[in-house]
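Peer 1: Sharing a structure with you now.
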Amino acid sequence: MLDKKQLNQLYRFAISLTHQDDQAYDLLQSCVEKYLKQKHREIANPMAYMKQTIRNEFIDQTRKQRFQFELRPEVIESIDYEQSQQETSLEDLHIQQEEVESLLCTLLPDERELLYLWAVVEYTIDEIAILKQVPRGTLSSKLHRLKKRIQLQQSSDNVLHLKVKS
Amino acid sequence: MKHSQKNTLDKALKTHYEAKSLSADQLDTLMTMQATAEENLLTRLLKDFRGYRYAFYATACLLLMTLVVSFSLLNRPPLAERIMHEIAYNHQQEMPIEIASNSLISIGEYLNKLKFPLINSSSLSPQNWQLLGGRYCSINGKLAAQLKVKNLQDNKTYTLYQAAVGSDISKVLTAAKEQAIEGITVSIWQEKGLLLGLAHSN
């Protein structure tokens, strides 16, 4: 039986995908129902099972095409590992707390999930690659592009703020 | 426009998500759903057990029987001892002879279902022993011969047993053995490829 703390963790994970509280709750509820139907089977790690179920359910709901990140193979291969290690490091990015919500609004569900797993669950890139069943190179490319986008967005916001100020 | 101090991205995201939590009603709904499902599961398991109870009882009986058989097999006495008990039992029955003769050849011809020829044992010299007759008997589940012989020294009737030696017997009966079983002295040994046994009442 999932306890309240676990349910809240799963709810936050669902929010990282849906970015809408109500939709996240509906998603969680339907996945808890699915989980309960499987209760007669032995589930070794209920939290991992639930996260996978929530993810699959969300992909089904959004018909997959908007969720999945696509990158051409030649682009993946062109990214050198060490370079990507440096460029995909998100630790050096800074943000004001009130800007988080607007930043998340601009991201795709897949990107929000990636940030959630990295920042909140504190998974490494390798762990996320295993969980999401994507090659590490794909994930590095994605992080690289995500970082660039966030930086670009922040700089454009600053320009906007300056314009508003002046 | 006043801006708060910037956080690292991970800290900011953590703060953002930690502020999100299910309402008390939502938590209650999910917890109730789970509790109900647990109850239903228990009910279904009980129902399933009722449906399969005969299979369960049959399996339990089979298991019990297997345990009993295994236990009795493990506690069986050694083969040589079992044969000696069987010989003592055969002797105690005092079954009448089927053919009365003092000729081993004649007895052998009569007991023609035996898969081995009867032999004169070197342990029973003709000066001291007189052959009276014979019949079929069973030793260790196989057809064997029970011969009645008279000891001319003590004037007592003995029963002499001759049976084919299986590989199991030849392994355990490397030397002659003698044992008193319920007032009957039984000795067994191997001779000329046969198992021989001699029994007499004390």
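The values are calculated or read from the model by the stated rules, or taken from the named source; none is laboratory data. None of these values were measured; they are calculated from a predicted model. No Cβ is skipped: glycine too gets one built from the backbone with ideal geometry, and neighbour counts run over all protein chains shown. Surface accessibility is based on the protein's heavy atoms, side chains included, excluding ligands, DNA and RNA. Shrake-Rupley method; radii C 1.70, N 1.55, O 1.52, S 1.80 Å.
Peer 1: I'm checking my understanding of the structure. Among residues of segment A:96-131 that are within 7 Å of another protein chain (Cβ to nearest Cβ) and in a loop (DSSP other than H, G, I, E, B), which one is surrounded by the most Cβ atoms within 10 Å (Cβ to Cβ)?
Peer 2: By that ranking, first place goes to A:120.
Peer 1: Let me ask another. Can you name every residue in segment A:1-51 that is assigned to a loop (DSSP other than H, G, I, E, B) and either more than 18 Å from the chain's Cα centre (by Cα) or in the same structural domain as residue A:128 (by TED's automatic domain parsing) (or both)?
Peer 2: Taking segment A:1-51 as the starting set, the residues that turn out to be assigned to a loop (DSSP other than H, G, I, E, B) are A:1-3, A:19-20, A:38-45.
Answer for segment A:1-51, where residues must be assigned to a loop (DSSP other than H, G, I, E, B) and either more than 18 Å from the chain's Cα centre (by Cα) or in the same structural domain as residue A:128 (by TED's automatic domain parsing) (or both): A:1, A:2, A:3, A:38, A:39, A:40, A:41, A:42, A:43, A:44, A:45.
Peer 1: Residues that are within 11 Å of chain A (Cβ to nearest Cβ) and open to solvent by less than 100 Å² (accessible area, probe 1.4 Å): find the helices (runs of 4 or more DSSP H) completely inside segment B:1-74 holding 1 or more of those. Outline the logic, then answer.
Peer 2: Values: elements: B:9-18, B:24-51, B:53-74.
It comes to B:9-18, B:24-51.
Peer 1: Considering only segment B:85-134, state which residues are charged (D, E, K, R) and closer than 18 Å to residue B:184 by Cβ. Steps first, answer last, please.
Peer 2: Start the filter on segment B:85-134 by keeping residues that are charged (D, E, K, R), which leaves B:86, B:94, B:98, B:109, B:113, B:115.
Residues satisfying the conditions are B:86, B:94.
Peer 1: Which is among the small types (Gly, Ala, Ser), open to solvent by 40 Å² or more (accessible area, probe 1.4 Å) and more than 35 Å from the chain's Cα centre (by Cα), of B:167, B:122, B:138?
Peer 2: Values: B:167 fails: more than 35 Å from the chain's Cα centre (by Cα); B:138 fails: more than 35 Å from the chain's Cα centre (by Cα).
Sole residue among the options that is among the small types (Gly, Ala, Ser), open to solvent by 40 Å² or more (accessible area, probe 1.4 Å) and more than 35 Å from the chain's Cα centre (by Cα): B:122.
Peer 1: Taking residue B:114, is it outside the structural domain of residue B:141 (by TED's automatic domain parsing) and surrounded by 13 or more Cβ atoms within 10 Å (Cβ to Cβ)?
Peer 2: Details: outside the structural domain of residue B:141 (by TED's automatic domain parsing): no; surrounded by 13 or more Cβ atoms within 10 Å (Cβ to Cβ): yes.
Taking the combined requirement at face value, the residue does not satisfy it.
Peer 1: May I ask you to list the residues in segment B:152-170 that are in contact with a Leu (Cβ under 9 Å, 6 or more places away or on another chain) and more than 13 Å from residue B:194 (Cβ to Cβ)? Steps first, please.
Peer 2: Our first condition is that a residue be in contact with a Leu (Cβ under 9 Å, 6 or more places away or on another chain); within segment B:152-170, this holds for B:157-166, B:168-170.
Within segment B:152-170, B:157, B:158, B:159, B:168 qualify.
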